[in-house]
Amino acid sequence: MGGTINIVLAVDVIAALSGQTQEQSVLMMDDGPRTAENPGTPHLITYCWPGWQLNWAIRQIDLQTPAAIKSIRFQSLGGPLMTAADASTLVWSGIVPACLIPGELYRYQIAVEMARGINSMLFINTPALVVPLAV
Amino acid sequence: MTQQLGIVVIVDVDAALQAGTLEGCTYFFENAGPFGSTGMGTDRLVSAINGTYWADGSQASEQVLNFVVTGVKSLPITLPKDYAHIRARQQELQTLAAARTLAADDAAANNESPVNFFARLRTPQYSTIRSPSGQRSETILLDYLGQPVSATFDTSELPSRRAEAGVAQIPPIITDITGEAVEKGIIYPAQYGSPDLVNGGWYWSATVATFSPRVWSYTLHIALYRLVQDLTTHQATWEPVQMSIDAKLNILNRPMRNGFTGGGTGLLPIGMP
Amino acid sequence: MSAIQMPIIVVVDVVAALATESVDGAVWLVDSNKIGGSTGQGTSRLQTAIRKGDELVWTVMSLECEAFAAIHTIDIDSAYCEVKQGFYPGTDIGYWLGTIKKDPGELLVPYNIELILGSRTAHMSLSPSNLPAITGGRTEGPRRPQ
């Protein structure tokens, strides 16, 4: 039996759409029991354990700007399994599988849709999950 | 997840007062145009609202509407709320500085006479705002460029060569939100205190219960202000004129789905690194 | 008829403009002169009816209250309208003031608005088919307070 870890992605939508770097416009954090690496940056490494549930959520820094997670894709397996015309109707949560190798970084990509248009998609390729080595 | 929607209402107060209605004189805007809202820039706004629900039928998200009302002839809402008083105070300080200079120059036998000085003296034009509930408060008349409109001693100076300075109107205010959507419990409007100090530090917000998909209408009750000047006392008063206009919400029906599985929660799709 | 000062509000959906990399469809203009003959309020193709000597005051309003929007310049034929930037005294909130030099009569004099949006460094402006304009024939100015 595992617990739950919430991973929150905060996006300054106007900064991101204005061409600011991800370091200036994206920050990530989680509430896991073991403090993450690089919290407050788009390079968040979340410690997790098999059987635990992970929930991803997005918060826009300016509340009136629309933003939603369009997909989460693990580099190791591709995906996403679902697409939706309206990303705001998707919820992103799942259970950490037992097959993960402790100490290995499992990088993933979060695609964020901000409003609608040719600049709408923001791809964050730098976060990762890791199952800590047993101490 | 809460989503906030800003609804901006701009009123052509002169046209509305002349026509006796807000219809055709009101322009609605909001920032969900790409998501299905219609009627931008017209008096017939239909806001698209995502009514999302979970598999068990319960409501998945709530929507908050924030209303901002202003007049075409009002100063930008981004200016400080007490901007008129700040400007009047600056003008008073300038007048005092000029008076001190005159006194000093007088001592040095300058030739400007106090009569000329007083002829050019400018003081702010105060006005009374009568709120829809009858309370009275005071403000200072500014033009569109933020300059105090002067009650000068020498009135012959007024609209001569220069373009006639317009008096910036105090913005209309929402006094109530009613209608079908409120009666049926679809939206819960309330007036909130705001640190932004727009409209006296109060603004109207509404929480939308998004579980009833269809088009719902609501009515905005808006007080416009007519500037009335007493010809004998020159006292200027902003008198409220109540009007109303309808707008609509189109609540769409959208099931929430898990992005990884399309259904319930499963194992994360992670393979070998 | 005396000359008047007339405000024009430029409403901008900053997020939509940045997302689509275009202000077409994300800018709407409203002036205070509906009763004086202006048309196209609530679109980008506002036609403001003016007379010689009138002054136009352009300000910008962002739909997302926290989004930055400002007018970088108003691009208009200076034979008809001379523009200059000003700021509300004591603030960094700007306006553009245009003085009508020549009555265009029946002619439409189009103009463009260059906008600074968000923290984007490049300015954005309307495409030629979506421009606002000034034209002659203002019939009746908004009345002065009685």
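Taking the beta-carbon count within 10 Å as an exposure proxy, list B:Lys81, C:Lys34 from fewest neighbours to most. Please list the in-between numbers first.
Values: B:Lys81 15, C:Lys34 21.
Final ranking by Cβ density, sparse to dense: B:Lys81, C:Lys34.
Label positions at C:Lys52 and B:Leu252, each projected 7 Å from the Cα along the C-beta direction, are separated by 5.4 nm.
Using the Cβ-Cβ distance between A:Ala57 and C:Glu21 with R0 set to 25 Å, the FRET efficiency from 1/(1 + (r/R0)^6) comes to roughly 0.35. Computed over chain A with a Gaussian network model linking Cα atoms closer than 10 Å, the most mobile of A:Ala98, A:Ala16, A:Ala57 is A:Ala98. Once the mean of 1/r is taken over each pair of separate Cα atoms and inverted, segment A:4-130 shows a Kirkwood hydrodynamic radius of 14.9 Å.
Could you compute the FRET efficiency for B:Lys81 and B:Leu267, with r as their C-beta to C-beta distance and R0 at 51 Å, rounded to 0.05?
Numbers: r = 55 Å, r/R0 = 1.07.
Plugging the Cβ-Cβ distance into 1/(1 + (r/R0)^6) gives 0.40.
Using the Cβ-Cβ distance between B:Asp56 and B:Glu23 with R0 = 45 Å, the FRET efficiency computed as 1/(1 + (r/R0)^6) comes to roughly 0.55. Projected over every direction and averaged, the convex hull enclosing the alpha-carbon atoms of the protein assembly as shown yields 31.7 nm².
Its residue count N sets the reference 2.2 N^0.38 Å, and the alpha-carbon radius of gyration of chain C equals 1.02 times that reference.
Among the listed pairs A:Lys70/B:Lys184; B:Lys73/C:Lys84; B:Lys81/C:Lys102; B:Lys81/C:Lys52; B:Lys81/B:Lys248, a Cα-Cα separation exceeding 25 Å is found for A:Lys70/B:Lys184; B:Lys81/C:Lys102; B:Lys81/C:Lys52; B:Lys81/B:Lys248. Of all the options C:Pro132, C:Pro104, C:Pro89, the one that moves most in a Gaussian network model of chain C with Cα springs shorter than 10 angstrom is C:Pro89.
Seen from C:Met124, the other residues with C-beta closer than 11 Å to its C-beta sum to a net charge of -2, counting Lys and Arg as +1 and Asp and Glu as -1.
Only the coordinates and a few stated rules stand behind these numbers; no lab work does. Bear in mind that the values here come from a model prediction, so they are computed numbers and not experimental data. Ideal geometry is used to build each Cβ from the backbone, glycine not excepted, and the neighbour counts take in all protein chains shown.
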